[in-house]
Amino acid sequence: MGARVVRMFRNFNLENRVVREISKEKPRSAPRHKLTHPTTTDPGEAEISSGAVHQKNDPLLLNLKSVYVESKDETASPVKSLKEVSVDGEAKTRPMRFTLPGDSHSLANVENIPHGKLTIMEALKALSSHQSQPQTWTSQRISEEYSLNLKETKSLLEFFVPFQIQIIRPQISNVKQLKAS
């Protein structure tokens, strides 16, 4: 019943309201900006028409035909090694400290490591040795051993922690424990 009352008020005098809205003067749109031709600095540019662009120019076509381009494939050249030669002539690489047993095609078979870089296995070994013996494996010794920057080594030891295993004992004393053998 409420919907009927609302519909009655909504449709009351609908035609008169529509006629009044239509008879109102519509707002005018803003005037358009007058187009100005772009100024050209070169007088030759103004003379070129759209038809001249699409026509063949025989002297230019002859010049284009006389050009010969010879290309060489850069990928056929041997891949550059990791060795970077410094100004003194000495190599900026170091041999890997140890290798992992495993597949001969794995990524662990890197022979030379650039100065200031570590492999993942060397980083884990250095971090674990520092964690187990911090007095002997100081940041100074690790930076000398692996040819690293001392500041970066200190940051590495401070902010990166290798895996830590924590065994949380249950709080209930009645739980049966497995015996370690």
Taking a label point 7 Å from the Cα of His115 along Cα-to-Cβ, the residues of the stretch 124-143 whose backbone nitrogen sits under 16 Å from it are 143
Packing-based exposure ordering (other Cβ within 10 Å, fewest first) of Val5, Val67:
Val67, Val5
Counting residues in the stretch 130-169 as N, plug N into 2.2 N^0.38 Å and put the Cα Rg over that result.
1.37
R0 = 45 Å: FRET efficiency of Ile165 with Glu144, Cβ-based, nearest 0.05?
0.90
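Laboratory data are not the source of any read-out in this text; all were calculated from the coordinates shown. Computed from a predicted model, the values in this text were never measured in an experiment. Virtual Cβ from ideal backbone geometry, glycine too; neighbours counted across all protein chains shown.
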